[in-house]
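The values are calculated or read from the model by the stated rules, or taken from the named source; none is laboratory data. Remember, it's a predicted structure, so these values are computed and weren't measured experimentally. Because the Cβ atoms are built from the backbone with ideal geometry, glycine has one as well, and the counts that use them run over all protein chains shown.
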Amino acid sequence: MSSRAFPSENRAEPPLDDSRYDSAISRPRYVVLQSLVGVMLAYQLLSGGELLSSQLTSDVMLGGLAALVLCLLLVPIPILQSSWFSGALIGIDTLFVTATIYLSGNARSDLYLSYFLLMLIAASVRRLSHVIAFSLLLCAGYGFTLYQGVVQTGSLTVGHLLGVPVLLVMAIFYGLALQTIGAERQQKSLLMESVETLKETEQALQASRDQLEARIKALKGDLSRANEHVRQEQQERQGLEKQLLEAQKMEAIGRVAGGIANELNHLVSVIGRQTGVVLSSLKAGDPLYRPVDDIFRSGGQAAALTAQLSGLGLHDGHFRQVLSVKAVLEEIRGVIRGLLPAPIELDLVIDNAPMDVEVDREGLEQILLHLAVNAREAMPLGGRLRIEAKPLQETVSASGKGRHQSMVLIQVSDTGSGMSLETQSHMFEPFFSTKEMNVGLGLTAVYGIVKQSAGQVDVVSQPGQGTVVRVVLPCAPQGRPLTPSLQPQVSAKGQETVLLVDANEIDRKLALSTLLRHRYQVLEASSSVEALLLTQQHPGAVHVTVSDLMMPEIGGRDLATRLLAQHPMMKPLFVSGYDDEAMVSHRLNPKYLLRRPYRQTGLVEKVRELLDA
């Protein structure tokens with residue numbers, strides 16, 4: 001704070017005349033002086049022989065003089081010390097002196113002239129000692145005049161001598177009164193100066209207080225911003241630590257899952273090959289045929305699970321493409337709508353701003369489908385699924401400096417049952433699911449795809465209040481061209497129909513989206529029985545059938561056999577987790593085999609290959 005010069009509180013007061021204190025009129029001085037005036041006037045009235053009035057008038061005046069002394073004894077101190085009281089008392093005494101001089105028969109011009117000269121001296125001279133000195137000179141002059149009168153007349157009366165002490169007493173009265181008035185005026189002037197000084201001091205203090213308050217407010221603002229900065233950094237650090245822990249956990253789980261998948265794949269391949277050898281030596285009616293076939297089917301299910309574990313690492317940087325999020329959402333809108341029952345409302349809110357990201361298209365579609373299925377499961381009685389996409393600016397800390405990075409936000413929110421904190425803490429782990437029939441790899445795949453795309457995924461949910469999943473992906477570098485969503489070399493050449501049979505809903509919808517985007521007509525079925533009903537109702541030809549080799553009720557081979565009776569030109573394509581060697585042992589041509597895990601580009605290429613064969 002800037003220093004300011006304040007008036008000193010111990011400011012030295014200007015010295016006052018000592019006579020102010022010595023001559024300050026107090027009650028005893030008033031009483032003594034007034035008693036002297038009263039005694040001298042009473043003496044004049046009582047000793048004068050030639051009174052011009054009656055005895056009653058003299059008695060009234062004597063009573064008035066006594067009452068005036070009594071009043072001085074009883075009057076309150078504040079009134080006694082006020083400036084107007086001295087003037088009033090002098091005025092009353094002047095009346096008494098004038099009346100006494102007149103009534104005693106000594107009203108002469110020299111006495112009145114001396115009296116009024118005394119009043120002029122007292123009015124013009126401020127110090128009491130000066131008043132007394134001038135009064136003595138005036139009395140000496142009056143005495144000289146009186147002496148000349150005595151010499152001329154040869155006689156001396158009481159009234160002649162009375163003028164001298166009366167003049168002295170009245171001079172003292174006048175001096176004290178005027179000095180008291182001057183002292184009070186001086187005191188008032190000093191008080192006014194003190195008041196002005198205090199006002200200036202108050203203004204200076206007010207200005208200093210305002211400056212101090214402004215400084216405190218600024219310091220509070222700085223402190224608040226610093227606290228906010230520390231809080232943000234702490235939250236960012238906690239978020240980074242949490243992400244690091246999640247990444248380390250998921251990396252460890254991925255390594256374990258990958259190792260298990262490799263070992264299981266080896267064992268499943270052995271099962272597939274050996275069951276093929278055994279089944280080739282058995283007839284269909286042999287009692288061992290069905291148990292061995294069950295072993296083969298169970299191995300096929302294990303191979304499918306192994307394929308899911310292996311498929312978690314398919315969406316790495318090798319398959320990234322520059323895509324428009326807006327275009328992908330518009331193309332997959334119908335597929336997402338097909339996942340939802342009628343009571344669930346779908347609301348897509350897509351910003352018109354450019355939103356290009358570098359990500360695997362199949363991975364992005366898989367994220368959207370998995371989140372849509374999870375939202376559907378949380379709304380069994382219906383609700384609203386809202387998918388929003390918009391650009392986002394995020395501050396990224398690097399080397400202690402913040403920089404803005406362009407991001408794309410994909411937010412999927414539902415009005416479902418929500419999740420507890422315990423569920424949220426495990427939702428991205430493999431095989432964790434709240435549904436008994438769900439193996440629980442969907443959200444694990446979502447987490448892996450987002451992290452491999454240098455993005456972030458956050459979940460906000462409370463029981464009974466729905467769930468919001470925020471997927472943030474970095475924008476593609478400027479100048480990178482968009483990857484075409486359609487590959488002309490594998491697209492349909494005319495009205496070619498593909499029968500798609502898959503019990504796994506997500507895999508089926510991904511394949512459906514890819515085939516529709518490449519302009520194929522698709523018949524979608526979740527089981528062999530449903531596939532047979534669809535083909536019976538379909539008026540045209542079926543050119544390719546894509547189905548699992550291992551399916552309940554009717555297997556892929558049996559389904560293909562039945563469909564070939566209706567559509568002799570149909571080409572079957574079997575999907576299995578077994579390797580080619582195992583399929584050969586089961587007398588299956590690898591030409592008609594698509595091994596799990598597979599990419600959608602591999603599917604359309606295989607379909608095109610069969611159609612062109």
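What the table below lists for this structure:
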read-out	value
Close pairs from the range 452-478: first acidic (Asp, Glu), partner crowded, with 21+ Cβ neighbours inside 10 Å and not in a loop (DSSP other than H, G, I, E, B), Cβ under 8 Å, at least 6 apart	Asp458/Val469
Residues that are free of Cβ contacts under 8 Å to residues at least 60 places away in the same chain and surrounded by fewer than 18 Cβ atoms within 10 Å (Cβ to Cβ), drawn from the range 596-612	Tyr598, Gly602, Glu609, Asp612
Leading residue by the ranking (farthest from Ala492 (Cα to Cα)) among those in the range 520-556 that are of a type in the set (D, E, K, R) and surrounded by fewer than 17 Cβ atoms within 10 Å (Cβ to Cβ)	Glu553
Selection status of Gly479, assigned to a loop (DSSP other than H, G, I, E, B) and closer than 18 Å to Arg376 by Cα	no
Residue match in the range 577-587 (condition: closer than 20 Å to Asp507 by Cα and crowded, with 22+ Cβ neighbours inside 10 Å)	yes
Which listed residue is at negative phi, in a strand (DSSP E or B) and either basic (Lys, Arg) or modelled with pLDDT of 90 or more (or both), from Leu499, Leu516	Leu499
Conditions (1) surrounded by fewer than 17 Cβ atoms within 10 Å (Cβ to Cβ); (2) among the charged types (D, E, K, R); (3) modelled with pLDDT of 75 or more; (4) outside any strand (DSSP E or B); number of the one not met by Lys451	(1)
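Per-residue answers, yes or no, for (1) surrounded by fewer than 18 Cβ atoms within 10 Å (Cβ to Cβ); (2) of a type outside the set (A, V, I, L, M, F, W, C); (3) in contact with a Lys or Arg (Cβ under 7 Å, 6 or more places away or on another chain):
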{"site": "Val325", "(1), (2), (3)": "no, no, no"}
{"site": "Glu331", "(1), (2), (3)": "yes, yes, yes"}
{"site": "Leu339", "(1), (2), (3)": "no, no, yes"}
{"site": "Glu345", "(1), (2), (3)": "yes, yes, yes"}
{"site": "Met355", "(1), (2), (3)": "no, no, yes"}
{"site": "Arg361", "(1), (2), (3)": "no, yes, no"}
{"site": "Leu368", "(1), (2), (3)": "no, no, no"}
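The rows are residues; the columns are (1) closer than 23 Å to Gly334 by Cβ; (2) of a type in the set (Val, Ile, Thr); (3) in contact with a strand residue (DSSP E or B) (Cβ under 8 Å, 6 or more places away or on another chain).
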| site | (1), (2), (3) |
| --- | --- |
| Lys509 | yes, no, no |
| Ser528 | no, no, yes |
| Leu532 | no, no, no |
| Val544 | yes, yes, yes |
| Gly556 | no, no, yes |
| Arg595 | no, no, yes |
| Leu610 | no, no, yes |
